[in-house]
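Working notes, structure below.
The values are calculated or read from the model by the stated rules, or taken from the named source; none is laboratory data. Because the structure is predicted, anything quoted here is derived from the model rather than measured. For neighbour counting, all protein chains shown are included, and Cβ atoms are generated from backbone atoms with ideal geometry for every residue, glycine included. With ligands, DNA and RNA removed, areas are computed over all heavy atoms of the protein, side chains included. Shrake-Rupley method; radii C 1.70, N 1.55, O 1.52, S 1.80 Å.
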Amino acid sequence: MIAPPAGTRIWIAAGVTDMRRGFDGLAALVQTQLKADPFSGQIFVFRGRRGDRVKLLWWDGDGLCLLAKRLEAGKFVWPQATHGTVSLSTAQLSMLLEGIDWRRPVRTAPQRAV
């Protein structure tokens with residue numbers, strides 16, 4: 001995954017989004033439904049109805065970037081809310097894009113006392 005600059009805020013748009021939308025349609029959703037600026041440098045993540053596709057909209061300073069991913073098996077873990085946004089860390093975004101449950105990551109080894 002291309003790493004966003006340090007300090008970039010990442011937002012999941014709760015609910016489902018029509019995945020036929022492109023740059024302009026998703027930017028309009030950011031403005032009207034999320035009440036945010038799509039040209040702010042923040043990353044906005046949208047999921048389709050079936051749950052196997054996501055799109056990320058990001059202003060990199062020169063233009064809008066639209067990134068898409070489709071899982072061949074499984075679904076992207078999404079919040080239960082039907083509207084609004086959920087903030088993610090860069091690590092949580094990486095887990096989301098890998099199809100991992102970012103809400104409850106589990107360590108594979110027990111923590112050692114220091």
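Brief remarks follow.
- Residue ID - farthest from Trp102 (Cα to Cα), chosen from residues in the stretch 22-41 that are open to solvent by 80 Å² or more (accessible area, probe 1.4 Å) and at pLDDT below 95: Thr32
- In this entry, Phe44 passes the filter for residues that are within 15 Å of Gly15 (Cβ to Cβ) and at pLDDT 95 or above.
- Among (1) in contact (Cβ under 8 Å) with a residue 60 or more places away in the chain; (2) surrounded by 14 or more Cβ atoms within 10 Å (Cβ to Cβ) - the single one Ala3 does not satisfy: (2)
- Residue under evaluation Val16, criteria (1) of a type outside the set (Asp, Glu); (2) at pLDDT 95 or above; (3) open to solvent by 60 Å² or more (accessible area, probe 1.4 Å), criterion not met: (2)
- Filter pass, Leu56 being under 13 Å from the mean Cα position of the chain (by Cα), surrounded by 19 or more Cβ atoms within 10 Å (Cβ to Cβ), modelled with pLDDT of 95 or more and closer than 16 Å to Gly99 by Cα: yes
- Filtered residue count, the stretch 62-80, keeping only those that are more than 14 Å from the chain's Cα centre (by Cα) and open to solvent by 50 Å² or more (accessible area, probe 1.4 Å): 5
- You will find that of Ala13, Ala27, the residue that is among the hydrophobic types (A, V, I, L, M, F, W, C) and in contact (Cβ under 8 Å) with a residue 60 or more places away in the chain is Ala13 and no other.
- Here Met95 meets each of (1) at pLDDT below 90; (2) closer than 14 Å to Thr8 by Cα; (3) under 11 Å from the mean Cα position of the chain (by Cα) with one exception, condition (2).
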